[in-house]
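The values are calculated or read from the model by the stated rules, or taken from the named source; none is laboratory data. Note that the coordinates shown come from a computational prediction; the quantities given were computed from them, not determined experimentally. With ideal geometry, Cβ positions are generated from the backbone for all residues, glycine too; neighbour counts draw on all protein chains shown. The area values use the complete protein model at the heavy-atom level, side chains included, leaving out ligands, DNA and RNA. Shrake-Rupley method; radii C 1.70, N 1.55, O 1.52, S 1.80 Å.
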Amino acid sequence: MQRLPIYKALAWLNALPEDTARDVLLDCCGSPAWAVRMESERPYRMLEDLFQKSEAVWFSLPPSDWLEAFSAHPAIGSSKQTERPSRSSEWSAREQSGTASADTSTLNALAEANRLYREKFGFIFIVCATGRSAGEMLQMCRSRMRNSLKNEIEIAAREQHKITELRLTKLLEYERNYDTCS
């Protein structure tokens, strides 16, 4: 199958019915408020427009919406899927593939670090895991435990934003590579 130009993938996103658009956007970021606002920002004329609006919408949301997005992710190193079976679950598994080759002691240490992090901050440890090993993520989690809640939620929001941009790209790449009309 021939790859579609990126503008056709954007046209696909722009043409989706409102509910469907919100659902596919929710796969990119687990904040319903973000998905609703992004759906209402359509049409996206260029890829840069999509990313700029995504960033502006994300950082205009209150921390309660950030926390909702964080909760849509499985814990780093966990084999447990999110409650919302979707592309998001598949993407999370691939993004966390750096934990697949980790030894048991590293995975156990990561599980304990996740538990301590949640206990301290009240939300899961969120990191853009793409390309990172389990050991790297373990070190990051331990290091971030020294942060204040205010600093940590801002760091986590920036990590979520990175994840969202990667997922928006994956969403459009998927549409460029597969004919969803057949």
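Take the cross-link list Lys53/Lys150; Lys53/Lys162; Lys53/Lys170 and give me the ones stretching past 19 Å between alpha-carbons.
The answer is Lys53/Lys150.
I need the phi-derived Karplus couplings for the range 133-146: 6.51 cos²θ - 1.76 cosθ + 1.60, θ = phi - 60°, integer Hz, Gly and Pro marked x.
Per-residue couplings from phi come out as 7, 4, x, 4, 5, 4, 4, 4, 4, 4, 5, 6, 5, 7 Hz.
What does the accessible area of Lys53 come to, in Å² to the nearest 10, when a probe of 1.4 Å is used?
Answer for Lys53: close to 50 Å² accessible.
Rounded to the nearest 10 Å², what accessible area does Val36 show when all protein chains are kept and the probe is 1.4 Å?
That residue has around 70 Å² of solvent-accessible surface.
Quick one: 3J(HN,Hα) in Hz for the range 34-44, Karplus 6.51/-1.76/1.60 with θ = phi - 60°, rounded, Gly and Pro as x.
5, 4, 5, 5, 5, 4, 6, 7, 5, x, 9
Can you give the accessible area of Tyr174, probe radius 1.4 Å, in Å² rounded to 10?
100 Å²
At a Förster distance of 25 Å, what's the computed FRET efficiency of Glu112 paired with Glu154, Cβ-Cβ distance as r, to 0.05?
Once rounded, the FRET efficiency stands at 0.50.
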